[in-house]
Structures are given as structure tokens and as C-alpha cells.
């Protein structure tokens, strides 16, 4: 399996090369040259694997189609080391629970940091350690988080040999629980950098550093954001697991509703659908930062500046530049790398938008690729949280509430709809108190986390200052 860049870099690379690299040298994102196809026979075999309640073995089956430069026995061992009931709370790993009618919730948030990012990050930590040990090398990870990626990455990497983590986050924009999860980690290989700005400023810094090839190579810079293909690939697995739980046979279809900011989670669903998973629709749920909803409704992709990025009660989605969206547009345009580079290159930075509304290919976002979208507001979130708690007896976090609200608007008779639960409610206690008048349940391991000592470096949104900090702490 070889990988190409969405912007046309001529070199093809294998999985373990792009695992440690992040962005392609031309600034593009990596995708496989072609998506492996899962036919009816293989889908049935995978259903049997799932019915054995073996998520780790299902992960191996999916990943082995994309990874051929790690011996199969080693890859299987890494999957089994990652996906255990001890780490994720149950043998099912991603249990599906019924909400109402044909609407279900897939629980992705039972890992160490109570967010769906653990599903990929725990595997990524083991993959990094495995490959760095094999090469005798070290890696300095630079990441950006709007709330959950950071803690998931730091918890996954804190005990890994040869890995340092430099995680940027928007100062004051995460919930107190999210901040405490990250900033209370005092491990010497973990560095938290609070950027005076919004998430998009953090993401821009990561991309700028990754684009400085000399610096990147000298200091062995990698990334754990979903611009890293390995992280997105690991998320593909739970779409298959959700499908098998919601259906009794492979002739059935399902839809997924995914709370979306950076487009990585739902892009994994796009990959699963391209592989042949019988997905009817992929419904993108946004909050007030509705760049993606605007595109799927109109064909206009219009990024927002820092001043126009709203601070909302579903803060992990407070994103106005969806990095993984480039992967989907590349596929939408028939894998035209030249045009993709034109759309996402300097012109987007200069103009702040591109418009595909008049392009016949735009209609294929819905007809061929199954995408739909919707938007949720603070009032919608509160209403949905109250309804699920009082009428249905389930407590959900604000991001999952966005998904449930939009999912209800896109139900189709006879087709199960799966809303992806992306975090546990305790991570956003203030909104739950506003909605329900009480604090959500807190796992015992996180009692008093907000009072723990913290270590964080505050910096302006300045690429050079972040680089200098990394240089000083890479030794």
C-alpha cells in the first residue's frame, strides 16, 4: 500500500514513513493511492469477528489492508495491546445503546481521557513507540487541540520511549476539566503551550512548523492531529463496529451523525463508506461555527478569522478551518491534485473562501458520497440534553447533543441512525449544570483533578516563539 499527497507531490510513501511525518512535503495530506474494497464475503467475515466481541481483531483486519510494512503478528499484537476492556471499560470497547426509535448512540468516550480521541491516540502511542524503537530514533510531536486531542495524546504518549509532546491549545477556550486533564501532567516529556488566540491559530502554527522542512527534519517533528493519516485510519474501525451492532445482516444500511469541527471523525466515516461499508448518509453536525454546514448546504467553503470564531458550549468544535476537509474535497474532485492544491493553497489564505456551488461535482457530495449536514445552537444543546435526560433517562455531553439534535432532523424510515458520542458529560460540567441543575457523574479517577498542580507555558500566536521553545526543550 502506497500513499500520495492531496496536492500532487510525486513521491509515494509507505505507511511507517507517513506515520512519523504528518503533512506531506508540499503541504498536502496523505491518502492511500486507492481505498481497499470490502466485498460481501469479507464484510460477513468481519461481522463474525465482531460477534466474537473482539474489537482488537476487527481493528487488525481493517488496519492490515492499509499497513503492509509492519509484520502481521506485530500489528495484531499492537491492536490487542491497545483495545482492552481494562483501558476502554468494556469488552465491546464501543458499545451501542438505543436512544429512541431508530436512533442509537455509539459510545466512543470510555477511554483514559473520556473522549473519542482515545480510540485512535492509544493505538498511535503504541505505533510510535514500535516504529521509533525499530529505527532507533526519537520524535518530537507538535500538536494542536481544541480540547480533547491534547489530553488524549498526552495520556497516550506520557510513558512512551523516544517521544516528546508539545501541545498547543487556545488559552481559556477549553473547559476547566479539559485544561486540568492536560496541564496537570507533569511528566518531563509533556509540554503544554497555551496560545493567545483560537484553535485555528494553534493549527496554523502546527502547519507552519510542519511546512518548514529543514526545521522539521532537524528536530524530528511529527504530529498527532488528525492530519496524521494513522490517526484517522484508526477511527475507521468504529464505523464498522457501529454498523455490525446496529444491523443483523449486511443487506441493511445505516447512517451516522457526527459532531464535527476539524472533519477528521466524519472523514473516517467517508473512508469506511469508500471501502464499501453500507452507509446511507454521513450527517455532519456543527455548532455555531458552521463552516462545514454552510458548505454542504451551498457549496461555499468560507473560513472564519479568529475574531469571527465563536466561543460556544461545545468548545471542541469551535473550529473554522477544517484540516481534514481537504481529503474529502480531493476525492470529491476525482482526486485532482492540481485543483486541490489551488483551492487549499495560498488562494484560500488570501481570499478566505472557495465556491464549488456551480461545479457539477458538488452535487456528488450528497448523491455519490452521502453527505448531509445540520447546525445546532446553545439553546438547542440545552433542550436536547434536558430531553434525553428527563424523557429518555440518558445524560449526554454538549457535542453529542449537537449530533442527536441534527440526527433527529435527518432520520429515514427503516434506516438506523447512529449518533457518535464524543465525550462524557463531566468534561463540560458547567453546561450540564445549566441544562439539568446538577453536576454530571464524575469517574472516581478524576476526583479533584481541577485542584492538581499545573504546568503550562502561555505564548502569543507566534510560530517563531513556538519553534524557539521547542529547540530549548528538545535536548
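Only the coordinates and a few stated rules stand behind these numbers; no lab work does. Nothing here was measured: the structure is a model prediction, and the numbers come from that model. Here the Cβ positions follow ideal geometry from the backbone for every residue, glycine too, while neighbour counts run over all protein chains shown.
Take every DSSP beta bridge whose two residues both sit in the stretch 60-184, then give the antiparallel share in percent to the nearest 5.
40
I'd like the FRET efficiency for residue 378 and residue 449, computed as 1/(1 + (r/R0)^6) with the beta carbon distance as r and R0 of 22 Å, rounded to 0.05.
The pair residue 378/residue 449 has a calculated efficiency of 0.30.
What's the Kirkwood radius of the stretch 92-235 in Å, using all Cα pairs?
15.9
Can you compute the FRET efficiency between residue 248 and residue 390 using 1/(1 + (r/R0)^6), with r the Cβ-Cβ distance and R0 = 41 Å? Round to the nearest 0.05.
With R0 = 41 Å, the Cβ-Cβ based efficiency is 0.85.
Mind checking the full-extension length gain between residue 33 and residue 158? Use 0.36 nm per residue of separation minus the Cα-Cα distance, one decimal, nm.
41.7 nm
Take every DSSP beta bridge with both residues inside the chain and express the antiparallel ones as a percent of the total, to the nearest 5.
Antiparallel bridges make up about 25 percent of those DSSP assigns within the chain.
Just to verify a number: FRET efficiency for residue 53 and residue 98, C-beta to C-beta distance, R0 = 25 Å, to 0.05?
Using R0 = 25 Å, I get an efficiency of 0.85.
Give me the orientation-averaged projected area of the Cα convex hull of the stretch 88-170, in nm², one decimal.
Answer in nm², one decimal: 6.7.
Relative to the compact globular guide of 2.2 N^0.38 Å, what is the alpha carbon radius of gyration of the stretch 50-97, as a ratio?
Cα Rg divided by the expected 2.2 N^0.38 Å: 1.17.
What are the equivalent ellipsoid semi-axes of the stretch 293-441, built from the alpha-carbon gyration tensor (square roots of five times its eigenvalues), in whole angstrom, biggest first?
33, 19, 11
Taking the Cα atoms of the stretch 204-316 alone, what are Rg (to one decimal) and Dmax (as a whole number) in Å?
17.2, 53
When all alpha-carbon pairs of the stretch 192-247 are counted, what percent fall beyond 18 Å?
Considering the stretch 192-247, 54 percent of its Cα-Cα pairs are separated by more than 18 Å.
Based on the alpha-carbon gyration tensor of the chain, what equivalent-ellipsoid semi-axes (square roots of 5 times the eigenvalues) come out, in whole Å, largest first?
29, 26, 24
Over all directions, the average projected area of the alpha-carbon convex hull for the stretch 285-363 comes to how many nm²?
It is 5.3 nm².
Within the stretch 24-41, whose backbone N sits under 19 Å from a point 7 Å along Cα→Cβ of residue 135?
24-32
Calculate the spin-label point distance for residue 81 paired with residue 349, positioning each point 7 Å from the Cα along the beta-carbon direction, and give it in nanometres.
Reported label-point gap for residue 349 and residue 81 is 3.9 nm.
With runs of 4+ DSSP H residues as the only contributors, calculate the mean residue ellipticity of the chain at 222 nm using -39,500 (n - 2.57) per run, divided by the residue total and rounded to the nearest 500.
-12500 deg cm²/dmol
Short version: what are the Cα gyration tensor semi-axes of the stretch 383-475, square root of 5 times each eigenvalue, largest first, in whole Å?
The answer is 37, 21, 12 Å, longest axis first.
Evaluate the distance, in nm, between pseudo-label points positioned 7 Å from the Cα of residue 413 and of residue 213 along their respective Cα→Cβ axes.
5.8
Bin width 5 Å, alpha-carbon pairs only: give the P(r) of the stretch 21-83 as whole percents, running from 0 to the bin holding the largest distance.
For the stretch 21-83, the pair-distance distribution reads 4, 16, 20, 19, 20, 11, 7, 3, 1.
If you take the square roots of the eigenvalues of the alpha-carbon gyration tensor of the stretch 21-180 and sort them as a ≥ b ≥ c, do you get rounded (a/c under 1.5), prolate (a/b over b/c) or oblate?
It comes out oblate by the Cα gyration axes.
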